[in-house]
Amino acid sequence: MEKEFGWLSDCLPPAAARAVFRAMERGQVYELRLRAGKPAQLLAAYGRGWLKPDGTFGRPEEAITPTAAQLDETLFRASGRSMQSAMETVCQGFLPLPGGARLGIAGQAALADGHPVSVHTVQGLSFRFPAYIPAAADPLLRAVRFPDSLLIAGKPMSGKTTLLRALAARLAQGMKLAVLDERGELTPLPPPALSADLVTGYPKAAAIELAVRTLSPELLLCDELSPREAEAVLSALQSGVPLVASVHAGSIQELIRRDWVRKLLDAGAFAHIALVASGKVERVVDTDGFSADFGGFSSHRRLLGDGVLDSRPAAGAD
C-alpha cells in the first residue's frame, strides 16, 4: 500500500502519513478526513473511527489533530505546488490525485460575478481512496445481459465507483468499452480491462459525444450523471450506444422524482436500475414497466438480484 500511495508522504503531515500507511497494513482504507483543530477520522473496511498515530482507532483526544496551517500546506502540496494551475478544480471542491484517489475540499470561496474564483480558509480535507474488488461486479453480471444499459443509484460512499471499476475490468475483456472519466476517479483502470478506451478530462457530455463519434464503442461507462449530460445520453441512445452510469440517489423513489431522470427512463435510456447501499447491490429493477405518465414503475417491475460489493461498514457505524 505504501508503494501504491507513496504520494501521500509528500501531501500529508509526516505523522498523518505514517498513521495512514499503518492503517492500510490492516486492510482497505476508503477515506481519511482532516479538519482544522479536530481529530482525524478514518473509514476502512474494518471499521471507522478517530485515527491515532499508530494507525489504530482511539478516543478523539488520542487522535492526530491537524492545524489550519497544516491543511493549507497539504492542499498546496496536493495541487502539485501550484494552486493557481489547480484552482479551476479546487473551486469545484475537489482535486484529482494519483491512482484514482480524490481530495474533497471544504473551505470559504471568494466570488466574482457570482462564481467562485478561489478558495481560502480551508476547514476540511477528505482523501478518498479507490478500491478494486473484482467480485463486486458479480451481482450485476448475473442480473444484466450486457451491453444492456444500466443506471446505478446510491448515496455518496455507497460503493458506486467500486462497482463501476469492477464492471469495467470484467466487461473490457473483449467488449469495446469506452470509459469516460471526467474527474480521474476510475483511472487507472484495473489491468484486466484490456479492451477499454479511456477518455479522461473531458466534461462528460463532450466525452459521450466524442466516444460515440470516434471510438465506435459497444458500451459507454461513466460515473456521476447530472442534468447537464441528459441530452448527450439521449443522443448516444439514438446512435445505438448504451450507457452504464451512476447517479447520487438514496432510493429508486428519490431517483425517479427528478425530472431529467424520468425523461431518460421514459425514452428508454436505461434498461435497468441498480440500487446500491452500504457496499451492497440491494436490487436491480427492470425498467420495462416505467412510464412517467402513470407515476413511475408499473406493478409488473422485476427484482433481479442482490449481492455484496465489499465489507465497508454501514454509514452509521461510528
**OP:** Please state which one of 112, 69, 44 is within 20 Å of the chain's Cα centre (by Cα) and either under 30 Å from residue 170 (Cα atoms) or not assigned by TED's automatic domain parsing to the domain that holds residue 170 (or both).
**Re:** 44
Subject >> Lone unmet requirement of (1) modelled with pLDDT of 95 or more; (2) within 17 Å of the chain's Cα centre (by Cα) for residue 208 >> reply: (2)
**OP:** Could you list, in sequence order, all residues of the stretch 233-246 that are under 15 Å from the mean Cα position of the chain (by Cα) and either surrounded by fewer than 21 Cβ atoms within 10 Å (Cβ to Cβ) or among the hydroxyl-bearing types (Ser, Thr, Tyr) (or both)?
**Re:** 246
Original post:
Among 125, 167, 180, which is the only one that is closer than 14 Å to residue 243 by Cβ and touching a residue at least 60 places away in the same chain (Cβ under 8 Å)?
Top reply: 167
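Which of the following residues is crowded, with 17+ Cβ neighbours inside 10 Å, within 18 Å of residue 170 (Cβ to Cβ), without any contact (Cβ under 8 Å) to a residue 40 or more places away in the chain and among the aliphatic types (A, V, I, L, M): 230, 196, 211, 205?
Details: 230 fails: within 18 Å of residue 170 (Cβ to Cβ); 211 fails: within 18 Å of residue 170 (Cβ to Cβ); 205 fails: within 18 Å of residue 170 (Cβ to Cβ).
Residue meeting the stated conditions: 196.
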Original post:
Here are 95, 140: which of them is under 23 Å from residue 226 (Cβ atoms) and not assigned by TED's automatic domain parsing to the domain that holds residue 48?
Top reply: 140
Subject >> Among the residues listed as 284, 241, 247, the single one being part of a loop (DSSP other than H, G, I, E, B) and out of contact with any Cys (no Cβ under 7 Å at 6 or more places or on another chain) >> reply: 241
Subject >> Number of the exception - residue 175 against (1) of a type in the set (A, V, I, L, M, F, W, C); (2) buried (at least 22 other Cβ atoms within 10 Å of the Cβ); (3) in the same structural domain as residue 209 (by TED's automatic domain parsing) >> reply: (2)
**OP:** Would you check if residue 34 is in contact with a strand residue (DSSP E or B) (Cβ under 6 Å, 6 or more places away or on another chain), at pLDDT 95 or above, within 18 Å of residue 185 (Cβ to Cβ) and outside the structural domain of residue 179 (by TED's automatic domain parsing)?
**Re:** no
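Filter the stretch 140-159 down to residues that are farther than 18 Å from residue 256 by Cα and under 18 Å from the mean Cα position of the chain (by Cα), then give me how many there are.
Step one: filter the stretch 140-159 for residues farther than 18 Å from residue 256 by Cα, giving 140-148, 157-159.
Imposing the further condition that a residue be under 18 Å from the mean Cα position of the chain (by Cα) reduces the set to 140, 157-159.
Total meeting the criteria: 4.
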Original post:
So, in the stretch 153-170, of the ones that are under 19 Å from residue 220 (Cβ atoms) and of a type in the set (A, V, I, L, M, F, W, C), which residue ends up surrounded by the fewest Cβ atoms within 10 Å (Cβ to Cβ)?
Top reply: 169
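The values are calculated or read from the model by the stated rules, or taken from the named source; none is laboratory data. Because the structure is a prediction, the values reported are computed rather than measured. So basically every Cβ, Gly included, is an ideal-geometry build from the backbone, and we count neighbours across all protein chains shown.
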